[in-house]
1. Those residues that are touching an Asp or Glu at 6+ places or on another chain (Cβ under 9 Å) and at negative phi, I need them from segment 2-18; list them, please.
2. From Arg38, Arg52, which residue is over 14 Å from Asn9 (Cα atoms) and either in contact with a Pro (Cβ under 9 Å, 6 or more places away or on another chain) or not small (Gly, Ala, Ser) (or both)?
3. How many residues does segment 173-194 contain that are surrounded by 11 or more Cβ atoms within 10 Å (Cβ to Cβ) and touching a residue at least 12 places away in the same chain (Cβ under 8 Å)?
4. Output the number of residues of segment 139-194 satisfying the condition of being farther than 30 Å from Thr46 by Cβ, over 19 Å from the mean Cα position of the chain (by Cα) and assigned to a loop (DSSP other than H, G, I, E, B).
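Where a number appears in this text, it was derived from the coordinates with a stated rule and is not lab data. These numbers were taken from a predicted model, which means no experiment stands behind them. Quick reminder, even Gly has a Cβ in these numbers, built from the backbone with ideal geometry, and neighbours come from all protein chains shown.
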Amino acid sequence: MQLVLKGKNFVISDRIRDYVEKKVGKLDRYLPDISEARVEITQEKTKSIKDRNVVQLTLRTNGTILRAEDRSEAIYASIDSVVDKIHRQIVRYKGKRQDRWKGQTNKAQQQIQQEDLLPALDSETLAAIAEEQERKIVRVKKFLMNPMTEEEAVEQMELLGHSFFVFFNVESNRINVVYTRSDNNYGLLDPELA
């Protein structure tokens, strides 16, 4: 696993680097096919001191991306929290992978479960994860899509009061998504086939 550690408005000391390497390095045990782990530590100028430090962790594995973010006053607490969040996502991800094997033989299931050993989670977290896996699509909404520019899409999103808006971009001739970011700016998703 390749670890990329980056700081924005924050100088990463050797002590923090070692701490991140130790914490993130353990994730490789639970999900051995991680190709890259990217940790970004940002120190923002906010009114609230408790939201000043932001730690983001992104894992890339077999075409799947797992991402978690935490904000707090203490960097080490944020690192611990973001690793815990990713750990829960790994459990969810592996549970979904194992569900695909339901039609296979018991021997194959046992082999996968032995390969995918994970540390124990508390019963409340496991119950929440099990509940999430039962969710399904209950409604499909179809709508007409008028071609528009990015600026028109942002304006339409604001008029609707939504946090995202799907539109056909006339400049790129592709379907895009604009969304409101947590810093009150806008983001644009421009997907490409892998």
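1. The answer is Gln2, Leu3, Val4, Leu5, Lys6, Gly7, Lys8.
2. Sole residue among the options that is over 14 Å from Asn9 (Cα atoms) and either in contact with a Pro (Cβ under 9 Å, 6 or more places away or on another chain) or not small (Gly, Ala, Ser) (or both): Arg38.
3. Result for segment 173-194: 11.
4. Number satisfying all stated conditions: 14.
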